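First up is the structure itself, then whatever we jot down about it.
Just so it is clear, none of the values below were taken in a lab; they were calculated from the coordinates. Being a predicted model, the structure only gives us computed values, none of them experimental. We place every Cβ from the backbone using ideal geometry, glycine too, and count neighbours over all the protein chains shown.
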Amino acid sequence: MSITAGVERSSNGLIWPTNLGDIKISVDERTILEKKIVSSKEKLSPRTASNEPMFYVPKSPLCPRRLDIGHDHAFVVLNRHGGMPMFDKTGAQQKSIKFVWDCISGSFWLKKRGRRDKQDDALRYVRYGLAVGRSESGFPRIVNDSCSASSKGKSRYFEKKASHSLPEWLKEFGPNFDVGDIIGLVDALRKIHAARYEPAKFCSMFVKGSYSSFGTTHTLFHGDISPNNIICEARKDEKTGKTFPRLMLTDLSNIGDLSKLMWTPGWASPECIQFAKTHTKYQEMCTSDFLAKYGAVKDAWAMGLILGSLLRGGFHPQYEDHLPRFSFITSKLTIDDSGRVVDERGLADITQEEIDRKIDVLIAEASSDGVKALWNCVKKYLTIDPEGRPTMAEYSISMS
Ligand SMILES: Nc1ncnc2c1ncn2[C@@H]1O[C@H](COP(=O)(O)OP(=O)(O)O)[C@@H](O)[C@H]1O
Ligand SMILES: [Mg+2]
């Protein structure tokens, strides 16, 4: 999925890929689209504080692509009539993602949809909620789909496309991280955990347990902290002239979703494994209680493993799947010849003693105060007892 388009500006200021074929648009169609965009922009009301998109232009025989026009963007939705589908590493097409071209910034965006209905509130919190530390830099840019209001129950939004996923970045450039960017990522999750959240009505109707009753709030959580849900954009450090990856949290479409306990193999916290062992039926896994109680500390566990792996130079080098770089984790997993996790029930047997022994050595070896502080966070997040494990809002690093 490496699409690095050269761009050029047309006479009316809109930006297109030099090779229009990259977005499967013909020169004739571009002319039609430009007319539509220019006339739509003229209709925009004066800028409002919220920066919400103003309206969308539906498809028509003359202009068969949906446009979404706002003050800062003119999105051309690509996929229906061409465009590039996105594939995961097994070659399966990721149906939830579509490409979008923004004629104002001249960049690719992705059109995403939530799998659960009415997650918009949680997503809105991430966009407009109070910034915590460097959280602003830890998320990709997100714009609501102005069509979303009219499509009942669907959570849809646009997200700026980053150049790499974290595993892709590591493969291409190696582990050249700056502590500040790592803290930006921690702060992004801290911002999510800083919210007390009440599940939306529609969501609650589908989930069991006491949290489905109204008026009960829980700590907001991401739900699937894992290597592929972290994306990178090159950032040039002005002082040193070096390039580092800005780390951002993506896959926000399940944020705060109480209806399904899920994780990426290798990244589950021990209590999740324990829960899955004793609740084998699908319906039992759809419990709001467990996630309302432990959703955020489940994130913290996985983030602890991510941070530790980053500080140690990337994910486990021995396996194809991007697994935590800690033998106290990988030794508990059954991994087949192709490097896939086939059984992770052993994670329930991990002991605090083996974790602490390893992390204490790494704390002692830390190369700077910043790195030491991060390792101390890792140690807290890798607390086996979920009752004693802090969320990022309860324990986090603060440096400026
Ligand atoms: N904004 C983005 N920029 C670059 N790559 C992205 C972006 N969003 C997602 N991806 C890539 O696409 C993959 C799938 O997207 P994601 O939102 O995680 O959906 P899914 O629910 O299918 O996991 C991610 O793992 C990531 O590698
Ligand atoms: Mg994902």
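Summarising the amide proton neighbourhood of G106: residues at separation of 5 or more, or on other chains, whose placed amide H is nearer than 5 Å comprise I15.
Would you please put 222-234, 33-45 in order of how densely packed they are, using the mean number of other Cβ atoms within 10 angstrom per residue and starting with the highest? Write down the numbers at each step before the final one.
Values: 222-234: 21.9, 33-45: 14.7.
Highest mean packing first, the order is 222-234, 33-45.
So for region 156-381: antiparallel DSSP bridges make up what percent, rounded to the nearest 5?
Details: 13 of 14 bridges.
Taking every DSSP beta bridge within region 156-381, about 95 percent pair in antiparallel fashion.
Taking amide H positions as modeled 1.01 Å from N, with prolines and chain starts lacking one, the residues under 5 Å from R235 and 5 or more places away or on another chain are F244, R246. Measuring from centroid to centroid over Cα atoms, what is the spacing of region 362-385 and region 9-30 in Å? Computed from Cα coordinates, the inter-centre distance equals 49 Å. The phi-based Karplus calculation (6.51 cos²θ - 1.76 cosθ + 1.60; θ = phi - 60°) puts the 3J(HN,Hα) values of region 237-253 at 7, 5, 6, 9, x, 7, 9, 10, x, 6, 9, 10, 8, 10, 6, 8, 6 Hz, whole numbers, x for Gly and Pro. Taking amide H positions as modeled 1.01 Å from N, with prolines and chain starts lacking one, the residues under 5 Å from V57 and 5 or more places away or on another chain are L67, D68, I69.
For region 308-325, the Karplus equation 6.51 cos²θ - 1.76 cosθ + 1.60, evaluated at θ = phi - 60°, returns couplings of x, 5, 4, 5, 9, x, x, 7, 4, x, 7, 10, 4, 5, 7, 9, x, 8 Hz by residue, with Gly and Pro reported as x.
Using packing as a proxy for protection, rank 336-347, 172-183 so that the peptide with the highest average count of other Cβ atoms within 10 Å comes first.
Packing order, densest peptide first, comes out as 172-183, 336-347.
Just so you know, the Cα atoms of region 156-381 work out to an Rg and Dmax of 18.1, 55 Å. Take the Cα of A366, step 7 Å toward its Cβ, do the same at E42, and the gap between the two points is 6.0 nm. Assuming 0.36 nm per residue, please report the length gained on full extension of the stretch V27 to T330 beyond their Cα-Cα distance. Here the segment from V27 to T330 would lengthen by 103.8 nm.
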